[in-house]
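Take a look at the structure set out below.
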Amino acid sequence: MSDDYIHGFSPEEQARLTRMQDILNHRELEQLDLRGVSSILDVGAGLGQMTRALARAAGPGTRVVGIERDERQRAEAMRQAREAGEDALMELRPGDATDLPLTDDERKSFDLVHARFLLEHVTHPEQVVREMVSAARPGGRVVLFDDDHDLLRLWPGCPGVEQAWRAYWESYADHGCDPLVGRRLAALLSAAGCATVRTTAVFYGATIGEPLFPLVVDNLRGVLAGAADALDAAGRLPRADLESELAELDAWRSQPGATLWYSLPLAEGIVPK
């Protein structure tokens, strides 16, 4: 993973991630068939909400292991799990996605190996995917769910916000990361040796008047505001310009027909038997 995680680990960012997970978890689960799954490895577990959601969906007795490198994320993940009375649903381990902390017996043993919003933050996504494939049993599945940041659309058009969004995702290159990795998830699985690969997408968006609309707009605002210091320091977007563009977003959200549309790529590969 890049040494400079672009979003940071502030309480505000963790709260934003938690709200986003509440929106996305069930939508992703609708794309996954967890029948017969008795062991799951969640790589880059973050705050653990999806790790616990996978455990709940797979049912009692499912062994679920989450891997998360950052100590702050692990601490908040366990706090949230205890608060929900779900700390027994998962085992959360420290470790790096490029060198998974698994025993020899655990290698090639998991029915499902999963990663979400991880590959966009690593400098060598192909290495991570190879590690994930090595953790799945023969016939097991590897699921990748990640961003292609160029897929965001606003209607009516909002030029300042669109400019700020591009400056934001183009800054991933400053960390050696790929903000468009979502479009090549299937190719990464194929290159790592998966015999069969399918791809689809999860819709994330809403139009004004829908209950979800304020939440998805707030999430976009939070992403941009949270990156303000980094974008300013890198010379990509002065803070004053970003503040102006956030004000434009605040005005846009009340326009008739205002719609935020985003598509999140998902790919699933099967490990050869």
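Give the residue that is nearest to Pro138 (Cα to Cα), with candidates limited to residues of segment 191-208 that are surrounded by 16 or more Cβ atoms within 10 Å (Cβ to Cβ) and not β-branched (Val, Ile, Thr).
Among those that are surrounded by 16 or more Cβ atoms within 10 Å (Cβ to Cβ) and not β-branched (Val, Ile, Thr), it is Cys194.
For the structure I just gave you, tell me whether Ala55 is free of Cβ contacts under 8 Å to residues at least 40 places away in the same chain and either out of contact with any strand residue (DSSP E or B) (no Cβ under 6 Å at 6 or more places or on another chain) or surrounded by fewer than 19 Cβ atoms within 10 Å (Cβ to Cβ) (or both).
So Ala55 does not fit the description; no.
Pairs only if they're at least six apart or on different chains, beta carbon under 7 angstrom, first in segment 153-175 and free of Cβ contacts under 8 Å to residues at least 60 places away in the same chain, second in a strand (DSSP E or B) and buried (at least 16 other Cβ atoms within 10 Å of the Cβ); list them, first residue then second.
Going by the 7 Å Cβ cut-off, the qualifying pairs are Glu162/Leu154.
Are there any pairs, at least 6 apart or on different chains, whose C-beta atoms fall under 6 Å, with the first in segment 241-259 and touching a residue at least 40 places away in the same chain (Cβ under 8 Å) and the second of a type in the set (S, T, N, Q) and surrounded by 12 or more Cβ atoms within 10 Å (Cβ to Cβ), and if so, which?
Listed pairs, sorted by first residue: Thr259/Thr207.
Do we find a residue being more than 17 Å from the chain's Cα centre (by Cα), free of Cβ contacts under 8 Å to residues at least 60 places away in the same chain and within 27 Å of Glu126 (Cα to Cα) anywhere in segment 33-46?
Checking segment 33-46: at least one residue is more than 17 Å from the chain's Cα centre (by Cα), free of Cβ contacts under 8 Å to residues at least 60 places away in the same chain and within 27 Å of Glu126 (Cα to Cα).
Quick one: count up the residues across segment 58-79 that are out of contact with any helix residue (DSSP H, G or I) (no Cβ under 7 Å at 6 or more places or on another chain), surrounded by fewer than 21 Cβ atoms within 10 Å (Cβ to Cβ) and of a type in the set (A, V, I, L, M).
1
Glu120 is checked against (1) more than 17 Å from the chain's Cα centre (by Cα); (2) charged (D, E, K, R); (3) at pLDDT 95 or above and fails just one. What number does that condition carry?
Of everything listed in (1) more than 17 Å from the chain's Cα centre (by Cα); (2) charged (D, E, K, R); (3) at pLDDT 95 or above, Glu120 misses just condition (1).
Residues of segment 9-29 being acidic (Asp, Glu) and either modelled with pLDDT of 95 or more or within 13 Å of the chain's Cα centre (by Cα) (or both), which ones?
Hits for segment 9-29 are Asp22, Glu28.
Go through segment 47-72 and give me each residue that's on the phi < 0 side of the Ramachandran plot and part of a loop (DSSP other than H, G, I, E, B).
Leu47, Pro60, Thr62, Arg69, Asp70 - these are the residues of segment 47-72 that are on the phi < 0 side of the Ramachandran plot and part of a loop (DSSP other than H, G, I, E, B).
Confirm whether Asp111 is within 26 Å of Ala195 (Cα to Cα), over 20 Å from the mean Cα position of the chain (by Cα) and free of Cβ contacts under 8 Å to residues at least 24 places away in the same chain.
Here the answer is no, as Asp111 does not meet what is asked.
Looking for something part of a helix (DSSP H, G or I), of a type in the set (A, V, I, L, M) and in contact with a Leu (Cβ under 9 Å, 6 or more places away or on another chain) - is there at least one such residue anywhere in segment 90-110?
No, segment 90-110 contains no residue that is part of a helix (DSSP H, G or I), of a type in the set (A, V, I, L, M) and in contact with a Leu (Cβ under 9 Å, 6 or more places away or on another chain).
Take segment 80-94 and flag every residue that is exposed (fewer than 14 other Cβ atoms within 10 Å of the Cβ) and without any contact (Cβ under 8 Å) to a residue 12 or more places away in the chain.
Within segment 80-94, Arg82, Glu83, Gly85, Ala88 qualify.
With respect to His175, is the statement that it is out of contact with any helix residue (DSSP H, G or I) (no Cβ under 7 Å at 6 or more places or on another chain), surrounded by 15 or more Cβ atoms within 10 Å (Cβ to Cβ) and either within 18 Å of Asn219 (Cβ to Cβ) or among the hydrophobic types (A, V, I, L, M, F, W, C) (or both) true?
In short, no.
I want to confirm something. Restricting to segment 113-147 and keeping residues that are of a type in the set (Gly, Ala, Ser) and in a strand (DSSP E or B), which single residue is nearest to Leu29 (Cα to Cα)?
Ala115
For segment 13-46, which positions are assigned to a helix (DSSP H, G or I), of a type outside the set (Val, Ile, Thr) and in contact with a Phe, Trp or Tyr (Cβ under 8 Å, 6 or more places away or on another chain)?
Once the filter is applied, which keeps residues that are assigned to a helix (DSSP H, G or I), of a type outside the set (Val, Ile, Thr) and in contact with a Phe, Trp or Tyr (Cβ under 8 Å, 6 or more places away or on another chain), segment 13-46 yields Leu24, Arg27, Glu28.
The values are calculated or read from the model by the stated rules, or taken from the named source; none is laboratory data. From a predicted model like this one, the values you see are computed outputs, not experimental measurements. Don't worry about glycine lacking a Cβ; one is built from the backbone with ideal geometry, like all the others, and counts go over all protein chains shown.
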